[in-house]
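See below for the structure under consideration.
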Amino acid sequence: EYGFFNGEFITLDTAKVQLEDRGYQFGDGIYEATRVYNGKCFALERHLARCRRSLRELRIPITYMDEELTAIHYDLIQKSGIQNGVIYFQITRATAPRTHYFPDQVIPNLSMTIRESEPNRKWQEDGIACMLAEDIRWLRCDIKSLNLLGNVLAKQAAHEKGLQGAIQFRKDTDLITEGSSSNFFIVKDGLIWTHPTDNLILKGVTRSILLEEVIPQLGYTVVEKAFTPEFALSAAEAFVTSTSLEVTPVVNIDGHTIGNGTPGKITQSLLQGYRELVQ
Ligand code: PDD
């Protein structure tokens with residue numbers, strides 16, 4: 001496993017965390033995860049644009065340019081020899097004596113890793129079973145920040161039940177937001193429903209590509225409007241999207257079968273349309 005830290009390429013066994021990195025002590029930073037298909041980064045421009053937005057929202061100075069970040073991605077691919085995998089990178093505000101307010105000298109830290117991986121084809125073919133979990137996260141879920149405890153606890157609860165995912169809903173409104181590390185969609189009466197991009201969900205790159213490229217091409221219609229868990233349980237189809245899952249059907253939620261319990265036709269055509277883009 002290969003990595004990069006502040007200007008140097010490293011192997012993961014020799015990498016060291018700086019104890020007063022604010023990412024380590026406060027979760028004060030942002031991250032991105034991008035897929036490498038056949039030695040090429042997929043939708044890297046979209047990920048870098050979201051990265052810049054996350055940094056801006058957290059008032060972390062932008063010290064790494066897109067060209068530089070792109071070059072490091074390709075250096076990691078080349079050095080590791082990995083053709084299909086996931087590159088993870090994070091930028092933290094600084095390493096500085098621990099105070100809650102920003103330090104005077106802010107020099108962000110960049111770290112990056114590459115790992116071999118393929119999307120889970122069995123999940124894509126058979127569909128996954130998920131649970132409903134209360135969304136206990138903060139109110140800026142649109143920022144891809146390092147604070148992931150809400151997501152971690154939701155995913156762990158699903159894992160302990162032997163399920164593959166958690167679909168989160170806000171208790172105050174009884175509306176579904178998104179998965180623990182994915183966006184959530186349903187199909188009902190031929191329409192594709194998903195939560196609008198506000199402060200309560202992450203604007204997923206996979207979600208954007210489906211909405212802007214795949215869905216229009218296939219001639220489907222999207223309703224960007226929040227819906228309740230009850231509404232979702234009566235859907236004909238359901239699926240989640242993310243960089244790692246691509247488009248993965250959800251065939252069971254909280255023990256309730258979705259549709260006939262197998263991946264839906266529209267979901268399958270969206271996965272196929274997406275797969276054509278990544279080839
Ligand atoms: N997941 N919502 C949340 C809370 C996420 O963590 C992610 C990403 C998404 C989907 O975003 P994208 O399509 O840009 O990957 C939505 C991680 C990085 C993943 O599973 O790959």
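Work out the length of the dipole vector of region 121-278 about its Cα centre, built from +1 on the beta-carbon of each Lys and Arg and -1 on the beta-carbon of each Asp and Glu, and round it to the nearest 20 debye.
It works out to roughly 280 debye.
Compare the Cα positions of I10, H47, N84 along the charge dipole of region 2-116 (+1 at Cβ of Lys, Arg; -1 at Cβ of Asp, Glu; about the Cα centre) and return the one farthest towards the positive end.
Result: H47.
Using a Gaussian network for the chain with springs between C-alpha atoms less than 10 Å apart, which of these wobbles most: E67, E178, E116?
In this elastic network of the chain, the residue with the biggest mean-square fluctuation among E67, E178, E116 is E67.
In the structure shown, do any of K79/K203; K144/K171; K155/K225; K203/K265 have a Cα-Cα gap over 27 Å, and if so which?
Details: K79/K203 31 Å; K144/K171 22 Å; K155/K225 24 Å; K203/K265 25 Å.
In this structure, K79/K203 lie more than 27 Å apart at Cα.
Explain nothing, just the number: dipole magnitude of the chain about its Cα centre with +1 on each Lys and Arg Cβ and -1 on each Asp and Glu Cβ, in debye rounded to the nearest 20. Provide the component values of the computation, followed by the final result.
On the way: 29 positive and 35 negative charges, 37 e Å.
I would put it at about 180 debye.
Measuring from label point to label point, each 7 Å out along Cα→Cβ, what is the E8 to T173 span in nm?
My value for the distance between the label points is 4.7 nm.
What aspartates and glutamates sit close enough to K188 to cross-link, taking a C-alpha to C-alpha distance under 12 Å and skipping anything fewer than 8 places away on the same chain?
E237
Suppose every K and R has +1 on its Cβ and every D and E has -1 on its Cβ; what is the size of the dipole of region 71-193 about the Cα centre, in Debye to the nearest 20?
The calculation lands at about 300 debye.
Work out how much length T70 to F26 would gain on full extension: take 0.36 nm times their residue separation and subtract the Cα-Cα distance, in nm to one decimal.
Gain in length upon complete extension: 13.1 nm.
Place a point 7 Å from Cα of V152 in the direction of its Cβ. Which residues in region 1-32 have their backbone N less than 12 Å from it?
Within reach of a label on V152, which here means backbone N under 12 Å from a point 7 Å along Cα→Cβ, region 1-32 contributes 24-27.
Nearest 5 is fine: what % of DSSP beta bridges in the chain come out antiparallel, could you say?
Antiparallel bridges make up about 80 percent of those DSSP assigns within the chain.
State which stretch of the chain is the longest one without any exposed chymotrypsin sites (Phe, Trp or Tyr not before Pro), exposure meaning a DSSP loop state and at most 14 other Cβ atoms within 10 Å.
139-279
Any read-out appearing in this document is the output of simple, stated calculations on the displayed coordinates, not a laboratory observation. For clarity, every value in this text was computed on a predicted model and none was experimentally measured. In this analysis, Cβ positions are derived from the backbone assuming ideal geometry, glycine residues included, and neighbour counts consider all displayed protein chains.
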